[in-house]
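Below is one structure; the comments refer to it alone.
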Amino acid sequence: PELIEKTFGSLDEFKSFLRSCKLEKVVSWFYDPGAFSAEECTFGRNPINPSEHDGIVEALIPFAKCLQALDALYIVVRPMPSYWQVAPVTEDKIKAAADCWNKVGKMTKEYGIKVLMHIDWLCAIHSEKDIDLILKYTDPETVGLAIDTAEFTLAGIDPKAVYEKHHDRVQLFHFKDVQVVDSLEEYKTENADMILNTGGQRKIERWFWEMGRPEGLVDFPALYKSIKAHNYSGWIIVESDQSPNPAESAMLNNWYIKNVLSKL
């Protein structure tokens with residue numbers, strides 16, 4: 001946030017810049033507590049460690065203030081580190097992480113911002129059972145769920161099944177496709193985070209794709225029908241993750257929205 005203010009002069013000037021780009025809404029900001037932070041001189045914090053919870057809360061206060069000023073809605077967080085870093089994953093560890101996000105959610109509520117957990121393929125939360133547990137131990141008033149269709153599918157989790165089970169907790173979707181499932185369980189390997197760059201054992205050049213490809217594994221029409229059936233009123237963000245040409249990806253996804261999803 002401080003870099004935005006230094007670059008644009010103020011958050012109000014930044015909002016004016018966004019409007020000049022025809023961007024109407026800031027929806028969310030992604031935050032991974034385990035990531036290196038030059039501003040804080042930290043190599044990351046672990047939400048399953050209770051002694052680091054206060055530090056995570058403090059680190060997120062500037063983000064909450066910034067999002068409030070930008071009329072945004074959510075802080076999207078990675079709820080636990082990568083699986084290989086904390087295995088074995090136990091209920092006690094999940095409960096400790098949930099306690100961390102409850103503390104963060106209590107803080108962000110003061111700024112009108114809600115915490116949404118984003119579970120990626122490499123995350124220690126790696127099954128429907130794990131999702132059930134962390135939702136059980138988090139406060140539904142302040143902590144919700146963001147579903148990333150490709151990350152779930154790559155991990156072997158059905159995004160539609162999770163949504164139908166927890167639709168009251170889901171307040172954000174990330175739509176992108178994937179053409180493989182991690183059948184080799186590479187998420188368990190040491191330094192698994194590098195797989196997105198190296199391609200893993202199968203040397204996959206690109207993990208994530210636009211909607212509508214014949215090879216895609218995400219059943220977007222089925223999920224979208226379920227979303228409509230539950231009268232979902234939140235945001236759906238279409239991602240161009242790993243796209244070699246983001247403009248082309250935006251055009252392909254827009255075609256799919258107009259010619260397939262909007263007609264359901």
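The values are calculated or read from the model by the stated rules, or taken from the named source; none is laboratory data. Please read these numbers as outputs of a predicted model, since none were measured by experiment. Note that each Cβ is placed from the backbone with ideal geometry, even for glycine, and that neighbours are counted across all protein chains shown. These area figures cover heavy atoms from the full protein model, side chains too; ligands, DNA and RNA do not enter into them. Shrake-Rupley method; radii C 1.70, N 1.55, O 1.52, S 1.80 Å.
Looking at the structure I just gave you, is ASP168 of a type in the set (D, E, K, R), more than 25 Å from ASN46 (Cα to Cα) and modelled with pLDDT of 95 or more?
Working: of a type in the set (D, E, K, R): yes; more than 25 Å from ASN46 (Cα to Cα): yes; modelled with pLDDT of 95 or more: yes.
Against the criterion (of a type in the set (D, E, K, R), more than 25 Å from ASN46 (Cα to Cα) and modelled with pLDDT of 95 or more), ASP168 qualifies.
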Could you tell me which of the residues VAL162, VAL180 is surrounded by fewer than 23 Cβ atoms within 10 Å (Cβ to Cβ) and not in a helix (DSSP H, G or I)?
-> VAL180
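Suppose we filter region 224-249 for residues that are open to solvent by 60 Å² or more (accessible area, probe 1.4 Å) and over 18 Å from PRO214 (Cβ atoms); how many remain?
Within region 224-249, the first condition is being open to solvent by 60 Å² or more (accessible area, probe 1.4 Å), and the residues that meet it are 225, 228-231, 233, 235, 242, 244-248.
Imposing the further condition that a residue be over 18 Å from PRO214 (Cβ atoms) reduces the set to 225, 228-231, 233, 235, 242, 244-247.
Total satisfying the criteria: 12.
I need the strands (runs of 3 or more DSSP E) fully contained in region 22-139, keeping only those with at least 1 residues that are open to solvent by less than 20 Å² (accessible area, probe 1.4 Å), touching a helix residue (DSSP H, G or I) at 6+ places or on another chain (Cβ under 8 Å) and within 25 Å of PRO159 (Cα to Cα).
The qualifying strands (runs of 3 or more DSSP E) are 74-77, 114-118.
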Go through (1) more than 30 Å from GLU185 (Cα to Cα); (2) touching a residue at least 12 places away in the same chain (Cβ under 8 Å) and name the single condition ASP120 misses.
-> (1)
Members of region 1-21 found to be acidic (Asp, Glu) and either loosely packed, with under 15 Cβ neighbours inside 10 Å or touching a strand residue (DSSP E or B) at 6+ places or on another chain (Cβ under 7 Å) (or both), listed by number = GLU2, ASP12, GLU13
When ARG206 is run through (1) over 30 Å from THR189 (Cα atoms); (2) touching a residue at least 12 places away in the same chain (Cβ under 8 Å); (3) of a type in the set (Lys, Arg), the failure sits at (1)
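Suppose we filter GLU215, GLU190, GLU151 for residues that are under 18 Å from TYR74 (Cβ atoms), out of contact with any Cys (no Cβ under 7 Å at 6 or more places or on another chain), open to solvent by 10 Å² or more (accessible area, probe 1.4 Å) and touching a residue at least 12 places away in the same chain (Cβ under 8 Å); which single one remains? Please lay out each step first, then the result.
Values: GLU215 fails: under 18 Å from TYR74 (Cβ atoms); GLU190 fails: under 18 Å from TYR74 (Cβ atoms).
Selected residue: GLU151, the only one of GLU215, GLU190, GLU151 that is under 18 Å from TYR74 (Cβ atoms), out of contact with any Cys (no Cβ under 7 Å at 6 or more places or on another chain), open to solvent by 10 Å² or more (accessible area, probe 1.4 Å) and touching a residue at least 12 places away in the same chain (Cβ under 8 Å).
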What is the number of the single condition among (1) free of Cβ contacts under 8 Å to residues at least 60 places away in the same chain; (2) crowded, with 21+ Cβ neighbours inside 10 Å; (3) within 29 Å of ILE61 (Cα to Cα) that LEU172 does not meet?
-> (1)
Neighbours by Cβ (under 9 Å, 6+ apart or cross-chain): first from region 245-262, outside any helix (DSSP H, G or I); second open to solvent by less than 70 Å² (accessible area, probe 1.4 Å) | VAL260/MET211; VAL260/GLY212; VAL260/PHE220; VAL260/PRO221; VAL260/TYR224
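Would you tally the residues in region 118-156 being among the small types (Gly, Ala, Ser) and closer than 16 Å to TRP207 by Cα? It would help to see each step written out before you state the result.
So in region 118-156, the residues among the small types (Gly, Ala, Ser) come out as 124, 127, 144, 146, 150, 155-156.
Within this subset, residues satisfying the condition of being closer than 16 Å to TRP207 by Cα are 150, 155-156.
Result for region 118-156: 3.
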Would you point out which residue out of ASP71, ASP99, ASP54 is acidic (Asp, Glu) and touching a His at 6+ places or on another chain (Cβ under 9 Å)?
-> ASP99
